[in-house]
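Novice: Pasting a structure below so you can have a look.
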Amino acid sequence: MQINVLEYLEKGPLLKCRGKVAIRDASRSFTFEEIGHFAKNCAALILEKTAAINQPVAVFLPKSIEAVIANLGALYTGNCYANLDIKSPPERLRSMLQNLKPAVIVTAPAHAPALRSLGIPEDQLLLVERAFAPEMHYDNARLQERLQSVIDTDPVYIIYTSGSTGIPKGVVIPHRGVIDYIDWARDCYQISEGEVIGNQAPFFFDNSTLDLYLCLSCGATLVLIPEENFGYPLKLMQFVERMGITTFFWVPSVMTSVANFKILDSLAPASIKKILFAGEVMPTRTLNYWRRSYPDALFSNLYGPTEITVDCTYYIVDREFKDEEALPIGFPCRNSDILILNGKNEPAGTDEPGEICVRGSSLALGYWNNPEKTAAAFVQNPLNPHFPELIYRTGDLVFRNARGEIMFTGRKDFQIKHLGYRIELGEIEHAAFQVEGLHNGCVVYNPDKKEIALFYESDRDLLPASIREQMLTRLPKYMLPTSFHRLDKIPLTANGKYDRVKLSATLQSIPA
């Protein structure tokens, strides 16, 4: 029985393929042996600063091999890691650190000043470069002793998500959640040591969990794609081709950008075999473009909030879909159970909408230092009166179709009441994606002005009347956008999702 995620590395690549390339970036590569060695060096440095166990080690580094070393170094000390976005506004960073209260922050000289400006004491900072010094050494026996004290319900990482009050929430994920997820994904997608995984997600976004731990569990090679490449679709696919990437797990907006510029018409890297996506709704038109270029590839739509260890449902695309059809989020991942509860907290029937709730060992331990938010989101299973059993209420609305597939319809908080009607903004966005010439649409609502606003990209001069006319074939009049805003590029969050907060602020600033 596996207890600790480091067993993937210790009992896999470090025994079977020590000299194989584990991680590459644009200019460097490190073997599994080197990754293990430098991570243990980092662990020794962490232990010089704290003897804590099951406490967070903050990592304030860009997506890099150094960040991987810091993450694994924290785990080798029997602690967990928390990757923080180096681009976070100072007050948000301060809020996260005040909540986290880390004994150690692993960073680099270029990023240490941002921490010092917040009043972080010098003795709390650890410069990751020290782990690569030739004179460094570690006590392997001590590290192994620390690892033996870890059990599978201990935390492996903390990821911060936005909070409704403006204060970020630190989601605490245990070893058992990651092990369940990775073992399932490895079997489901038949990942082997021959895979070359192209990482898109920053390490403070939970999609990166799949990339890193598939690498460690299978002996696959992980390629850290430079973040700037995702703003240039041609440059991105050229990098994919040059690195021989076979498998990737990206947010749909990245794939949509490639499709909008029709990059695959002239450059479709032959190495790609497995295409996974999650994080937001995949426009079916985008999916169909990719499928035409890769008719023999595996495509899979995954779904899940951070609180259930990355994903809890998946759908391997096994049939044709029209551009206007919605794509299922599919079926529960192994050892996860999905409850769809209606407004009466009863199981929803076929085609009946309800909130998707999750139970199983994939659930987070809660929110770090936030018992009130934890108690509100992780609640007793209303279908089980017999013994304590927590479920996570996602706030997402779904239904099961006649095939038994789960279909995503939107967020509870993306549901608005407009002109007396309850409306899902996701349904309006889906209709917008069918408009000829419209690329990348995002809908936000201004309740003060009773305004449904569509922000969109287009390579042609689309008149609002034309957009409305085409959307009217799919939506009733009361659901049509009331304002239209063409942008050169829809702003994205650091995770690659549409930045609805920024768009809402833009909408508020537009004169009536």
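The values are calculated or read from the model by the stated rules, or taken from the named source; none is laboratory data. Since this is a predicted model, take the numbers as computed values, not measurements. Don't worry about glycine lacking a Cβ; one is built from the backbone with ideal geometry, like all the others, and counts go over all protein chains shown.
Here is a yes/no grid of residues against (1) part of a loop (DSSP other than H, G, I, E, B); (2) among the β-branched types (Val, Ile, Thr); (3) buried (at least 21 other Cβ atoms within 10 Å of the Cβ); (4) at pLDDT 95 or above:
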site	(1), (2), (3), (4)
ASN229	no, no, no, yes
LEU234	no, no, no, yes
VAL258	no, yes, yes, yes
ILE272	yes, yes, yes, yes
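Novice: Another one. Only one of (1) surrounded by fewer than 19 Cβ atoms within 10 Å (Cβ to Cβ); (2) more than 27 Å from THR221 (Cβ to Cβ); (3) not hydroxyl-bearing (Ser, Thr, Tyr) fails for ILE105. Which number is that?
Specialist: Among (1) surrounded by fewer than 19 Cβ atoms within 10 Å (Cβ to Cβ); (2) more than 27 Å from THR221 (Cβ to Cβ); (3) not hydroxyl-bearing (Ser, Thr, Tyr), ILE105 violates only (1).
Novice: In the stretch 502-512, what residues are under 30 Å from GLN200 (Cβ atoms) and free of Cβ contacts under 8 Å to residues at least 12 places away in the same chain?
Specialist: Answer for the stretch 502-512, where residues must be under 30 Å from GLN200 (Cβ atoms) and free of Cβ contacts under 8 Å to residues at least 12 places away in the same chain: LYS502, ALA505.
Novice: Can you tell me which residue in the stretch 255-282 is farthest from the chain's Cα centre (by Cα), limited to those that are β-branched (Val, Ile, Thr) and within 16 Å of SER293 (Cα to Cα)?
Specialist: If we take residues in the stretch 255-282 being β-branched (Val, Ile, Thr) and within 16 Å of SER293 (Cα to Cα), then ILE263 is farthest from the chain's Cα centre (by Cα).
Novice: Only one residue in ASP351, ASP323, ASP265 is acidic (Asp, Glu) and over 22 Å from LEU438 (Cα atoms). Which one?
Specialist: ASP351
Novice: Say we look at the stretch 400-439 and pick out the residues that are surrounded by fewer than 20 Cβ atoms within 10 Å (Cβ to Cβ), under 19 Å from LEU327 (Cβ atoms) and basic (Lys, Arg); which of these is nearest to the chain's Cα centre (by Cα)?
Specialist: Filtering the stretch 400-439 for residues that are surrounded by fewer than 20 Cβ atoms within 10 Å (Cβ to Cβ), under 19 Å from LEU327 (Cβ atoms) and basic (Lys, Arg), the one nearest to the chain's Cα centre (by Cα) comes out as ARG411.
Novice: Is there any pair with a first residue in the stretch 364-375 that is of a type in the set (S, T, N, Q) and a second that is surrounded by fewer than 19 Cβ atoms within 10 Å (Cβ to Cβ) whose Cβ atoms are under 8 Å apart and which are 6 or more apart or on different chains, and what are they?
Specialist: ASN369/LYS101
Novice: For the stretch 440-467, which positions are closer than 26 Å to LEU397 by Cα, within 28 Å of the chain's Cα centre (by Cα) and not aliphatic (A, V, I, L, M)?
Specialist: Across the stretch 440-467, the qualifying residues are ASN440, GLY441, CYS442, TYR445, ASN446, PHE455, TYR456.
Novice: List the strands (runs of 3 or more DSSP E) inside the stretch 425-512, counting only whole elements, that have at least 3 residues being under 24 Å from LYS262 (Cβ atoms).
Specialist: 438-446, 451-458
To keep it simple, each residue is scored yes or no on (1) basic (Lys, Arg); (2) at pLDDT below 90; (3) within 21 Å of THR286 (Cα to Cα).
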{"position": "ARG393", "(1), (2), (3)": "yes, no, no"}
{"position": "ASP396", "(1), (2), (3)": "no, no, no"}
{"position": "ASN401", "(1), (2), (3)": "no, no, no"}
{"position": "HIS418", "(1), (2), (3)": "no, yes, no"}
{"position": "LEU425", "(1), (2), (3)": "no, yes, yes"}
{"position": "ALA432", "(1), (2), (3)": "no, no, yes"}
{"position": "ASN440", "(1), (2), (3)": "no, yes, yes"}
{"position": "LYS449", "(1), (2), (3)": "yes, yes, no"}
{"position": "ALA453", "(1), (2), (3)": "no, no, no"}
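Novice: As an exercise: evaluate ASP351 against (1) closer than 28 Å to VAL178 by Cβ; (2) in contact (Cβ under 8 Å) with a residue 40 or more places away in the chain; (3) surrounded by fewer than 19 Cβ atoms within 10 Å (Cβ to Cβ); (4) not hydroxyl-bearing (Ser, Thr, Tyr) and give the number of the one condition it does not meet.
Specialist: (1)
Yes/no matrix, rows are residues, columns are (1) touching a strand residue (DSSP E or B) at 6+ places or on another chain (Cβ under 6 Å); (2) closer than 28 Å to ALA58 by Cβ; (3) of a type in the set (Gly, Ala, Ser):
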| residue | (1), (2), (3) |
| --- | --- |
| VAL196 | yes, no, no |
| ASN199 | yes, yes, no |
| PHE205 | no, yes, no |
| LEU210 | yes, yes, no |
| PRO226 | no, yes, no |
| GLY231 | no, yes, yes |
| PHE239 | no, no, no |
| ARG242 | no, no, no |
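Novice: Among the residues of the stretch 294-338, write down those that are part of a loop (DSSP other than H, G, I, E, B), among the charged types (D, E, K, R) and either over 18 Å from the mean Cα position of the chain (by Cα) or farther than 30 Å from PHE378 by Cβ (or both).
Specialist: ASP296, ASP318, ARG319, GLU320, LYS322, ASP323, GLU324, GLU325, ARG334
Novice: If a residue has to be surrounded by fewer than 21 Cβ atoms within 10 Å (Cβ to Cβ) and within 24 Å of MET243 (Cβ to Cβ) to count, how many in the stretch 38-64 make the cut?
Specialist: Count: 2.
Novice: Note down all Cβ pairs under 9 Å where the first residue falls in the stretch 115-138 and is more than 16 Å from ASN41 (Cα to Cα) and in contact (Cβ under 8 Å) with a residue 40 or more places away in the chain, the second is surrounded by 15 or more Cβ atoms within 10 Å (Cβ to Cβ) and not hydrophobic (A, V, I, L, M, F, W, C), and they're at least six residues apart or on different chains.
Specialist: Every condition considered, the pairs that remain are LEU115/THR107; LEU115/GLN124; ASP123/LYS49; GLN124/LYS49; GLN124/PRO102.
Novice: Of the conditions (1) farther than 30 Å from LEU365 by Cβ; (2) modelled with pLDDT under 95; (3) out of contact with any Leu (no Cβ under 7 Å at 6 or more places or on another chain), PRO305 satisfies every one except a single condition; which number is it?
Specialist: The one condition PRO305 does not meet is (1).
Novice: Considering the stretch 367-380 alone, what residues qualify as being closer than 24 Å to PHE408 by Cα and not in a helix (DSSP H, G or I)?
Specialist: PHE378, VAL379, GLN380
Novice: State all residues of the stretch 251-280 that are of a type in the set (Val, Ile, Thr) and touching a residue at least 40 places away in the same chain (Cβ under 8 Å); if no residue qualifies, say none.
Specialist: VAL251, VAL254, THR256
Novice: Moving to a separate point now. Which residue is modelled with the lowest pLDDT, if the candidates are limited to the stretch 320-376 and must be closer than 27 Å to ALA431 by Cα and of a type in the set (A, V, I, L, M)?
Specialist: Restricting to residues being closer than 27 Å to ALA431 by Cα and of a type in the set (A, V, I, L, M), the top hit is ALA326.
Novice: For the stretch 127-166, give me each residue that is in a loop (DSSP other than H, G, I, E, B), modelled with pLDDT of 95 or more and within 30 Å of ARG92 (Cβ to Cβ).
Specialist: Listed by number, the residues that qualify are THR153, ASP154.
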